[in-house]
Structure formats: C-alpha cells, structure tokens
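S.K.: Below: one structure in structure tokens.
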Amino acid sequence: MNKQDRKVLACVDQSHFADTVADYAAWAARRMDAPLELLHVIDRHLERGSGEDHSGAIGFNAQENLLHDLSDKDAAVARAEREQGRLFLNRLRERALAAGAPSADMRQRHGALDDTLTEQEDGVRLFVLGRRGASAETALPGRSNMLGGNVERVVRAVHKPILTVTKGFKEPARVLLAYDGSAVTRKGVDMIANSPLFKGLPIHIVMAGKENKDGPKQLAWAQDTLSATGFEVVADHLPGDPETVIAHEVEAHDIDMLLMGAYAHSPLRALIFGSKTTDLLRAATIPTLLLR
Amino acid sequence: MKSFHQDWLANVRNDLLAGLVVALALIPEAIAFSIIAGVDPKVGLYASFCIAVVIAFTGGRPGMISAATGAMALVMMTLVKEYGLEYLLAATLLTGVLQIVAGCIRLGRLMRFVSRSVVTGFVNALAILIFMAQLPELTNVTWHVYAMTAAGLGIIYLFPYVTKAIPSPLVTIVVLTAVAIVLDLDIRSVGDMGELPDSLPVFLLPDVPLDLETLAIIFPYALTLMVVGLLESLMTATIVDDLTDTPSDKNRECVGQGVANIASGFIGGMAGCAMIGQSVINVKSGGRGRLSTLSAGLFLLALLMLVGDWVAQIPMAALVAVMIMVSIGTFDWNSIRKLRENPPSSSIVMIATVAVTVATHDLAQGVLVGVLASGFFFAHKVGRILQIRSAAEDEGRQRRYTISGQVFFASADAFIAGFDFKEVIDKVVIDVSRAHFWDITAVSALDKVVVKFRREGTDVEVVGLNKASATMVDKFAVHDKDGADDLLMGH
C-alpha cells in the first residue's frame with residue numbers, strides 16, 4: 001500500500017467545527033501514521049444569482065458589460081475567500097502538527113463540496129468533516145446539533161470512510177459499533193479489524209431492533225473477527241428502536257465515537273422509506289464514523 | 001437529486017423576480033414578432049408562454065429564455081403571406097420534429113465550425129433585423145409617434161438611475177399608455193394589430209390537408225426554422241454559459257427546443273427559439289435556474305389574463321421603444337471598433353454574415369456564407385505553411401527536395417511550383433517525410449511532379465510518402481494521442 005496516497009483529508013471551512021475537525025483529523029493521522037491534508041473548498045455558488053438589478057434595460061454592449069460585472073464580483077469574492085482561507089488553513093495546520101499529525105498539507109479548491117470531494121477521493125483513506133459547515137450555520141443559527149445540508153450529500157457522493165465530528169475534541173477511548181449484519185456493516189467490521197485507527201480501544205458492538213434468525217450468528221461473527229485481531233469486544237443484542245437504543249448505550253457506557261455502515265440502499269428508497277443512516281446521524285451527539 | 005435542487009430550488013427568490021422582469025419584456029417582443037410574421041399577436045403570445053414553460057423542463061441550459069423570436073418570425077413571413085396561419089402551425093410542428101432529430105444525432109457538434117466572427121455577425125445581423133422590423137411603425141406617422149418613441153427610450157435608459165427595483169420597460173409601457181389614453185392621441189395601438197388572447201390556450205391540430213403537397217410547402221420553411229432556431233439557441237446557450245460560468249447540455253437543448261416547438265404548434269403558437277437579449281436580461285436580473293424560465297412563461301400568461309384589456313391600449317410607439325432597446329442591447333458595438341484591429345479576414349467574415357443576413361432576412365444563409373468564408377480564409381492561411389528546400393548532391397548529378405508543411409487543395413499549386421523541371425539532372429529525390437498530404441489533390445500534385453521529371457529523363461525517388469499520406473485517411477485522429485504534436489508540429 002502506497003503510504004503517500006493514503007491520506008487523511010480534513011474538510012474545513014470557517015465554521016465553528018474547523019478546530020475540532022483539525023483535531024480529529026490529526027488524531028486519525030497520528031494513529032494511522034498517515035499524511036494529513038487540510039482542504040478548504042471555495043464554493044462560489046454559481047447556481048445562485050445576485051439579483052440587484054431588476055431594471056430589465058439592456059444598453060450598449062450589454063452582454064460584455066454584464067460579463068465584466070459578474071466576473072468582477074466573482075473574482076472579489078474568490079480572492080477574499082482565498083486570502084482568509086490561507087490564514088485559517090495556516091492556523092489549523094499548526095494546530096494539527098501540534099496535535100501530533102505526522103505531516104500536514106493544505107490546499108484550496110473551487111467548486112461544490114460534494115463534487116470536489118468526489119474528484120479528490122482517489123488516494124484518500126479517511127474524510128473528516130464537521131456535522132455542518134459555515135453555510136448551514138448562517139442558514140440555521142442556534143440549532144447547533146442539526147445536520148448541515150452538505151453532509152448528507154457528501155456522505156452519499158464519496159465511497160470512503162467519513163468521520164463527521166461534533167464540536168469539541170475528546171480523544172476516543174471507547175467506541176460503539178452499530179451493527180445490523182448487513183453487507184455494509186460486515187465490510188465495516190473487516191475495515192476496523194484491519195485498521196490501526198482503533199487498535200487497543202475497547203469496542204462495544206450493538207445490534208438493535210427485532211431479533212431475526214441470523215442475528216446471533218452475525219453478531220458472533222463480528223465479535224470473533226474483532227477479537228481475533230486483538231480487540232477487547234463486548235457484543236449486545238438489544239431490542240427496540242435503533243435510534244433510541246444506540247443513544248442510550250452511548251450515554252450509559254460513556255462512548256466517544258459511533259461507528260456505522262452508511263447508505264446501503266439507493267437514494268430513491270431512502271426518499272420513500274427514510275434512511276436509518278440519516279436518522280442515526282441526526283440523532284448522534286458524538287463523532288460518527290461512517291463506513292462505506 | 002442534486003442537479004434537480006440546483007436547477008430549480010437553489011435560487012428561488014431571484015429566479016421568480018427575474019422571471020417577472022423577463023415576462024414584462026416578453027409581452028412587447030411577442031407582439032412585435034407576431035406582427036413581423038404577419039399573424040395575430042395572440043399567436044406569438046401563446047407561443048412565448050408555451051415555449052418558455054416547456055423549455056424550463058426540457059432545455060439543456062437552465063436560465064436561458066426561449067420564446068417567439070424575431071429571427072424565426074422573419075423566416076415564416078412569406079409562408080404566412082402565401083399560405084396562411086394553418087400552414088405556419090404545421091411548419092412549427094415539423095420544425096420541432098426536425099430539431100429533435102438534430103438533437104438525437106448530435107448536430108450541435110457542428111457548432112464548432114461556427115467561428116467567433118460568424119457569431120458576432122449573427123448577433124449584429126439579428127439586432128439590425130429587429131431594428132428594421134420597427135421601421136414600418138415609424139414611417140408615415142405623425143410626430144406624436146416619434147415623440148412617444150423618444151420619450152419611451154428616455155424612460156428605459158434613465159429610469160434605472162432612479163431605481164433598479166422596477167423594470168424600466170414596464171414603466172415606459174405604463175406611462176406611454178396613460179399618456180395616449182389621457183391625451184386621446186390618434187396613434188396605432190396593439191389592439192389595431194390583430195387579435196389578442198382572450199382565453200387560455202387550447203389544444204388544436206393545424207387545419208391542413210395531410211398530404212405530400214403540404215409537406216412540400218412546409219418542409220423548406222421547417223428546415224430553415226430548424227437551422228435558425230438551433231443556431232440562435234446554441235449561440236445564446238454559449239453566451240449564458242460564459243455569463244454564469246456554468247456548463248450546459250447542448251444536445252439536450254436541441255431536443256428541448258424541438259419539444260417546445262411541437263407543444264407551441266399544438267396550441268396555435270408559432271415556432272420560437274432562445275433569445276439573446278432576454279437571456280441577458282434574465283441573468284442580469286439574477287435568474288439562473290429553470291424556475292426563472294418557467295416563471296417567465298407563467299407570469300406572461302397571468303399578466304395577459306389579468307390585464308388583457310389594457311394590453312390592447314398600449315401604443316405601438318411604446319413597443320417600438322422596447323424593441324429598439326432590445327436591438328441596441330443585442331448589437332455588439334465593440335465589434336465596430338474591432339473591425340480595424342482584427343485581422344481583415346475575420347472582419348470580412350463578420351461583415352459578410354451581416355450583409356447576407358440583412359439582404360436575405362435569413363440568418364441561416366448568413367451563417368452559411370460566414371462559415372464558408374471562414375473555411376476559405378483558413379485554407380488560404382494554412383496553405384501558406386509549406387516549405388520546399390533543395391540541395392544538389394553527388395557532384396550536381398542528383399538533387400534532393402525536402403518538403404515540409406501542409407499539402408492540400410489550397411497549396412497544391414504552390415507545391416508543384418516549388419520544383420525546377422528545367423534542370424538537366426540524373427536523379428531527383430523528393431523527401432516528403434516531413435510534409436502532410438491531406439487530400440487526393442495533394443497526391444495527384446505529387447504524381448504530376450513525378451511525371452514531369454520522368455519526361456525530362458530524370459529518375460525520381462519519393463521518400464517517406466507513407467508517413468506523409470497518413471493524414472489522408474478520413475478517420476485520421478492523432479490529436480488526442482501522445483506524440484501527436486511530434487507528428488503534426490514537428491517541423
């Protein structure tokens with residue numbers, strides 16, 4: 001495995017989450033001994049117009065003048081964002097290095113967040129992003145635990161593990177795996193078993209919901225797989241609504257990070273039946289690692 | 001999911017406001033273009049409503065405005081005059097079908113042969129035609145009309161200095177209509193120009209015999225309408241791409257234009273296409289998404305239903321003022337200044353496009369001439385990239401000609417002239433390994449040279465012909481492969 005292209009990519013913007021994202025990314029990079037890259041995506045929101053001029057009058061060289069006006073406006077915004085971005089990226093880089101990241105690069109790109117991350121996906125081992133970005137903070141002030149609009153789109157768009165973090169860093173000491181025996185979560189178990197990220201941490205596996213006949217077998221398999229690679233594992237099957245059960249377990253066992261498989265189904269199905277992933281993600285109050 | 005959100009919901013407030021601004025400007029345009037085409041204003045108004053609404057869903061360029069246009073109206077003028085409205089509706093349906101076919105076979109790719117100069121010529125010709133179409137309203141009229149038109153233009157361009165919140169063309173129309181009513185001026189108004197819509201449009205089939213004779217009548221018109229409609233739509237799409245810095249799907253746009261025209265034909269509307277002036281107004285007003293196009297169409301119809309009686313009262317002078325504004329805004333004034341700066345060939349292409357279009361009232365013919373002229377100039381320029389060097393070898397008994405550059409129909413004569421046939425010599429070596437033979441004219445020119453030398457009793461050896469004639473194969477495509485620049489540019 002080429003270490004150079006197995007980096008941790010931290011997506012930061014000027015939201016309150018940036019520091020925490022940098023902290024968690026530094027933690028992950030340190031544990032996996034992977035290079036860290038801080039990425040700031042500048043989205044000029046080309047799909048939105050400015051709409052100040054409703055005069056409806058067009059005069060001499062209307063087209064060319066409009067092109068100049070619009071590109072000047074875009075240029076001013078992009079330049080300001082770039083300068084600000086450089087400043088806070090520098091600060092975050094110092095912070096990540098101080099927190100023990102082996103190396104930290106910084107980069108800025110233009111585009112929509114989900115498109116950019118999909119383009120950058122090759123060579124990324126783990127994405128780290130805040131539960132919501134600066135745009136959601138202005139759109140929904142005060143509702144600090146709401147999931148940002150970009151997060152779900154990103155989670156659907158990329159095919160690598162994503163760590164979404166809540167505000168405030170706490171070095172993970174106990175983690176909980178939400179397990180349902182599906183292909184995605186089974187693959188997730190393998191990923192955890194083979195990754196240095198959680199080496200040495202106790203893992204609590206919870207299978208929630210109605211008991212089905214394969215349930216105990218699946219749970220035992222997960223427990224065995226993880227125990228075999230040296231994890232200290234507790235496995236439980238708890239009846240009830242997954243959202244409540246897992247929230248309760250997190251509280252009861254002082255869990256620091258939630259691990260789960262994400263979006264096994266098509267977006268269409270999720271639109272009609274709702275998505276368990278989104279429900280769990282919304283309900284979670286601790287950093288959540290989504291395994292793809 | 002994501003593109004649905006981006007296309008429709010990312011810019012709701014601005015899209016709705018821009019749609020309203022555009023709708024207000026669409027009404028005078030639709031009426032004016034109906035008059036050009038020689039049909040009742042309601043034909044153009046229904047068409048504008050229908051095309052704007054349908055293209056919002058089917059188009060490939062969100063934020064671009066399509067409706068009844070002057071370029072299309074000019075093409076259908078004679079059809080309406082000779083055969084009447086029903087044949088126009090049939091031609092509109094056929095235009096739509098042809099455009100869908102064009103989109104499916106990706107005819108949009110041909111747009112790359114339309115050079116920048118041709119586009120500028122097209123835009124300028126369009127502006128001139130829109131202006132010329134206003135002249136009948138300005139000849140043989142009383143001074144009131146001139147005063148009204150001048151006042152209208154004054155309001156359009158000066159009112160934005162007061163506020164940019166209200167569309168100044170609307171202010172013009174309201175003020176001039178009020179003046180005409182209050183002073184009871186005896187000048188022409190929209191009501192004098194023909195029937196206005198009095199109800200929602202209904203589905204109807206064109207009342208024409210379904211036979212070959214009908215097809216023979218409408219096909220030439222439909223073909224021209226298809227070409228003109230797609231040309232203006234694709235050019236406008238490129239303009240909107242540049243203005244908004246976002247991409248568009250040109251083939252989807254072709255199909256979308258076709259669907260919109262078919263829908264228009266079935267509700268008694270004329271064929272239309274994208275509009276440069278209106279699209280610029282839309283982007284300027286903040287419109288970006290499909291919602292702006294949809295709302296423009298819906299507001300247009302709503303306005304007609306709400307204030308339809310008042311529309312008949314609008315003096316033609318007000319419409320003329322709005323149309324002159326569109327004409328001024330569409331024209332590329334910088335192109336006049338650049339006539340001297342640009343290479344003469346570019347300027348000639350631009351002027352030829354304008355001249356032919358204005359003379360024939362047919363943008364398709366103008367563009368055809370422009371494209372042919374640019375191709376001609378290009379061939380002429382590239383034909384000059386040809387160098388023939390010669391050196392005596394073997395104590396003057398042998399001569400080696402080294403050819404480098406492009407040999408094709410435009411440079412074949414220069415190629416032949418590069419050889420000295422009068423020289424008495426034993427052998428000639430023609431090294432063409434660094435030349436490119438593009439067509440059979442080039443190969444036959446080489447044959448000619450060989451024959452001429454042989455007649456003089458000179459032996460001829462041609463070196464590197466296989467490499468040189470590799471470019472003759474029609475599917476020759478090295479441009480996207482590694483080493484292409486070595487092969488094509490290496491000398």
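S.K.: Restricting to region B:363-451, compute how many DSSP beta bridges are antiparallel as a %, nearest 5.
M.R.: Antiparallel bridges: around 45 percent, rounded to the nearest 5.
S.K.: Sum up the charges of everything whose Cβ sits under 13 Å from the Cβ of B:L74, counting Lys and Arg as +1 and Asp and Glu as -1, but leave B:L74 out.
M.R.: Neighbour charge sum, excluding B:L74 itself: -1.
S.K.: Given the C-alpha atoms of chain B, compute the convex hull and give its volume per residue in Å³.
M.R.: Per residue, the Cα convex hull of chain B comes to 190 Å³.
S.K.: Counting only DSSP beta bridges with both residues in region A:175-291, tell me the antiparallel percent, nearest 5.
M.R.: For region A:175-291, the DSSP antiparallel bridge percentage is about 0.
S.K.: Right, next: Using +1 at the Cβ of each Lys and Arg and -1 at the Cβ of each Asp and Glu in region B:184-288, identify which of B:P197, B:I218, B:V228 lies farthest towards the dipole's positive end.
M.R.: Checking the options against the dipole of region B:184-288, the answer is B:V228.
S.K.: Taking amide hydrogens as modeled 1.01 Å from N in the peptide plane, which residues meet the under 5 Å criterion relative to A:I42, leaving out close sequence neighbours?
M.R.: Counting only residues 5 or more places away or on other chains, the set is A:R109, A:H110, A:G111.
S.K.: Can you give the longest stretch of chain A with no exposed loop site, where a site means GluC sites (Glu not before Pro) in a DSSP loop (not H, G, I, E or B) with at most 12 other C-beta atoms within 10 Å?
M.R.: With a cap of 12 other Cβ atoms within 10 Å, the longest stretch comes to A:1-210.
S.K.: Follow-up question, since we're still on this one. Have a look at B:F419, A:H68, B:S48 and report the one farthest towards the positive end of the charge dipole of the protein assembly as shown, computed about the Cα centre with Cβ charges (Lys/Arg +1, Asp/Glu -1).
M.R.: It is B:F419.
S.K.: A further question on this structure: Convex hull over the Cα atoms of region B:92-249, averaged projected area in nm²?
M.R.: Answer in nm², one decimal: 14.9.
S.K.: A further question on this structure: Summing +1 for each Lys or Arg and -1 for each Asp or Glu, what net charge is found among the other residues whose Cβ lies under 14 Å from the Cβ of B:E393?
M.R.: In short, -2.
S.K.: Now, a different point. I need the phi-derived Karplus couplings for region B:404-409: 6.51 cos²θ - 1.76 cosθ + 1.60, θ = phi - 60°, integer Hz, Gly and Pro marked x.
M.R.: 9, x, 9, 10, 7, 3
S.K.: While we're looking at this one, here's another question. So what are the ³J(HN,Hα) numbers for region A:150-163, from phi and the Karplus equation (6.51, -1.76, 1.60; θ = phi - 60°), rounded to whole Hz, Gly and Pro as x?
M.R.: Once θ is set to phi - 60°, the couplings for region A:150-163 become 6, 4, 5, 4, 5, 4, 6, 6, 9, 10, 10, x, 10, 9 Hz.
S.K.: For each of B:M472, B:M275, count neighbouring Cβ atoms within 10 Å of the residue's Cβ, then give the residues from fewest to most.
M.R.: Ranking B:M472, B:M275 by Cβ neighbours within 10 Å, fewest first, gives B:M472, B:M275.
S.K.: Could you tell me the center-to-center distance, by alpha carbons, between region B:302-332 and region A:150-204 in angstrom?
M.R.: 62 Å
S.K.: Can you work out D for region B:220-346 in µm² s⁻¹ from Stokes-Einstein, where Rh is the Kirkwood radius over C-alpha pairs, the temperature is 20 °C and the viscosity is 1.002 mPa s?
M.R.: Translational diffusion coefficient: 125 µm²/s.
S.K.: How far is helix B:12-37 tilted off the main Cα axis of chain B, in degrees rounded to 10, range 0 to 90?
M.R.: In chain B, helix B:12-37 runs at an angle near 90 degrees to the longest axis.
S.K.: Within region A:166-231, which trypsin sites (Lys or Arg not before Pro) sit in a loop by DSSP and count at most 10 neighbouring Cβ atoms inside 10 Å?
M.R.: Here the trypsin sites (Lys or Arg not before Pro) that fit, given the DSSP loop and packing criteria, are A:K210, A:K213.
S.K.: Could you pull the Cα extents of region A:1-69 along its three principal axes, largest to smallest, in whole Å?
M.R.: Largest first, region A:1-69 extends 62, 29, 14 Å along its Cα principal axes.
S.K.: Let me ask something else. Could you tell me how many degrees, from 0 to 90 and to the nearest 10, lie between the Cα long axis of helix B:316-330 and the main elongation axis, the longest principal axis, of the Cα atoms of chain B?
M.R.: Once rounded, one gets 30 degrees.
S.K.: Could you please rank B:S199, A:S182, placing first whichever residue has the fewest other Cβ atoms within 10 Å of its Cβ?
M.R.: With the fewest neighbours first, B:S199, A:S182 line up as B:S199, A:S182.
S.K.: Given an 8 Å cut-off on Cα distances and at least 6 residues of separation, report the relative contact order of chain B as a percent.
M.R.: 26 percent.
S.K.: Rounded to a whole number, what is D in µm²/s for chain A from Stokes-Einstein with the Kirkwood radius over alpha-carbon pairs (4 °C, 1.567 mPa s)?
M.R.: Reported coefficient: 63 µm²/s.
S.K.: Does anyone have the angle between helix B:250-266 and the longest principal axis of chain B? Alpha-carbon axes, 0 to 90°, nearest 10?
M.R.: The angle comes out at about 40 degrees.
S.K.: Another question about this same structure. List the aspartates and glutamates whose Cα lies under 20 Å from the Cα of B:K427, skipping any in the same chain that are fewer than 8 positions away.
M.R.: B:E393, B:D394, B:E395, B:D447, B:E456, B:D459, B:E461
S.K.: Kindly state, as a whole number, the per residue volume in cubic angstrom of the convex hull around the alpha carbon atoms of region B:274-412.
M.R.: 200 Å³
S.K.: When Lys and Arg each count +1 and Asp and Glu each count -1, what net charge do the other residues less than 9 Å away from B:G194, Cβ to Cβ, add up to?
M.R.: In short, -2.
S.K.: When DSSP assigns beta bridges and you keep just the ones with both residues in chain B, what percent turn out antiparallel, to the nearest 5?
M.R.: 45 percent
S.K.: Once amide H atoms are placed 1.01 Å from N in the peptide plane, what residues at a sequence separation of 5 or more from A:M106, or on another chain, have their amide H within under 5 Å of its amide H?
M.R.: A:L38
S.K.: Using only alpha carbon positions, build the gyration tensor of the protein assembly as shown, then give the equivalent ellipsoid semi-axes as the square roots of 5 times its eigenvalues, largest first, whole angstrom.
M.R.: Sorted largest first and rounded, they come to 57, 46, 24 Å.
S.K.: Let me ask something else about it. Among the listed pairs A:K7/A:K217; B:K338/B:K381; A:K160/B:K284, which are separated by more than 31 Å between their Cα atoms?
M.R.: A:K7/A:K217; A:K160/B:K284
S.K.: Compute the relative contact order of chain A as a whole-number percentage, counting only Cα pairs closer than 8 Å that sit 6 or more residues apart in sequence.
M.R.: Reported relative contact order: 20 percent.
S.K.: Identify the residues of region B:284-306 with backbone N under 15 Å of a label point that sits 7 angstrom from the Cα of A:D115 along the Cα-to-Cβ direction, or state none.
M.R.: Answer for this model: B:289.
S.K.: Strictly greater than 14 Å: what percent of every Cα pair in region B:122-176 meets that?
M.R.: Of all Cα-Cα pairs in region B:122-176, 64 percent lie more than 14 Å apart.
S.K.: To continue, here is another question. Which percent of the Cα-Cα distances in region B:412-476 go past 17 Å?
M.R.: Cα-Cα pairs in region B:412-476 separated by more than 17 Å: 40 percent.
S.K.: Another question, if that's okay. Just rank B:F49, B:F331, fewest to most, by other beta-carbon atoms within 10 angstrom.
M.R.: Ranked by crowding around the Cβ, least crowded first: B:F331, B:F49.
S.K.: Separate question: Find, among the chymotrypsin sites (Phe, Trp or Tyr not before Pro) in region B:371-471, those assigned to loop by DSSP (not H, G, I, E, B) with at most 13 other beta-carbon atoms within 10 angstrom.
M.R.: Answer by residue number: B:F421.
S.K.: List, in order, the whole-Hz ³J(HN,Hα) value for each residue of region A:243-260 obtained from phi through the Karplus relation with A = 6.51, B = -1.76, C = 1.60 and θ = phi - 60°; use x for Gly and Pro.
M.R.: 4, 5, 4, 5, 4, 5, 4, 4, 4, 5, 9, 6, 7, 9, 8, 9, 10, 7
FYI, it's all coordinate maths here, none of it is from the lab. These numbers were taken from a predicted model, which means no experiment stands behind them. Cβ: placed from backbone, ideal geometry, glycine included. Neighbour counts: every protein chain shown.
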